[in-house]
Amino acid sequence: AVHWDGTKWELKKIGGQGGWACHTVFAFSASDIWFEGNIHWNGSTYTALMNGWPLMPNGDGWQVNKMWGSSSEDLYAVGNNGNIAHWDGRKWTKIESGTDTDFKDIFGTPDSKELWVCGWTNRNGRVAILRIKESGEVESIWDNQTNKEFSYYYNGQLLNTLWANGNGEFAFATGIVTRHSLFNKKLVRFDWVPYLNGWKVLVLGNYAYRIRGSNKNNIAIVGDEAMVWHYNGAAWHKFKELQYFDDRLYGLAVADNLIIAVGKRYSGLTSSALILVGRR
């Protein structure tokens, strides 16, 4: 991993000298950081959590793609083959999702009452959105093979990322942006932009890997070809000057005055790490 302390970047081995393979990180504070779900950093030491751990990469073999939680006593992890698990501060418990979708993202509302998951798999073309209830049960919001109520979602739309915007809805980004109401689970709408003398659906121009924001008036989207879009509450803006064919931006974090996007720059058979920093 690479860490920024406000002055310089520092490379770190997660878990000590030998290191652990990690695909995701989730931080509650500088002294409460999770890597891959089973490595915890308390500000001074790493701890490998094995108590009831259902996610071991060398155990039952599933990869953690994303984490989200309200605290270190309420943390969720999602991964490939429909896998979901919950950490309650003592142990991990696996949650049955009822699908084999490869989950790409998970996010919840600030009050933790609405927790949604989305993903897709190219094994069988399945695309799905799930809701994890407070009881731990899973509800299918949309599935292109079993629950096709919404014409806004279609088979070719690979749902890769979502974010709760704090305004009674979840925002999804693929090649377009959709807003899914929390009050009416059957209400979905597109984002629109001015065009000539009218309006048209916002088309991002590239595939989106991540959408994040600090509030409903400060949302960013990143993806293929170093695509970066920003929404200020009134209009969407694309930073075309950043676009580069060999770049991919996979990760994103947004604060009130700061955007951090991470990914790779591909060159032939090799690649190098890529970090973009945007300041207001």
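The values are calculated or read from the model by the stated rules, or taken from the named source; none is laboratory data. Being a predicted model, the structure only gives us computed values, none of them experimental. Cβ sites come from the backbone with ideal geometry, for glycine too, and all protein chains shown count toward neighbours. SASA here: full protein model, heavy atoms, side chains in, ligands and nucleic acids out. Shrake-Rupley method; radii C 1.70, N 1.55, O 1.52, S 1.80 Å.
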Odd one out for Asp224 among (1) touching a helix residue (DSSP H, G or I) at 6+ places or on another chain (Cβ under 6 Å); (2) more than 26 Å from Pro110 (Cβ to Cβ)
(1)
Is it true that some residue in the range 173-187 is closer than 16 Å to Ala253 by Cβ, within 20 Å of the chain's Cα centre (by Cα) and of a type in the set (A, V, I, L, M)?
yes
In the range 35-87, how many residues are assigned to a loop (DSSP other than H, G, I, E, B), within 18 Å of the chain's Cα centre (by Cα) and at pLDDT 90 or above?
1
I need the full set of residues from the range 97-115 which are buried (at least 20 other Cβ atoms within 10 Å of the Cβ) and in contact (Cβ under 8 Å) with a residue 60 or more places away in the chain, in order please.
Asp105, Phe107
Does Leu130 satisfy the criteria of being surrounded by 16 or more Cβ atoms within 10 Å (Cβ to Cβ), part of a loop (DSSP other than H, G, I, E, B), of a type in the set (A, V, I, L, M) and modelled with pLDDT of 90 or more?
no
Going through the range 178-234 in order, the residues found to be of a type in the set (Gly, Ala, Ser), open to solvent by less than 50 Å² (accessible area, probe 1.4 Å) and part of a loop (DSSP other than H, G, I, E, B) are Ala226, Gly233
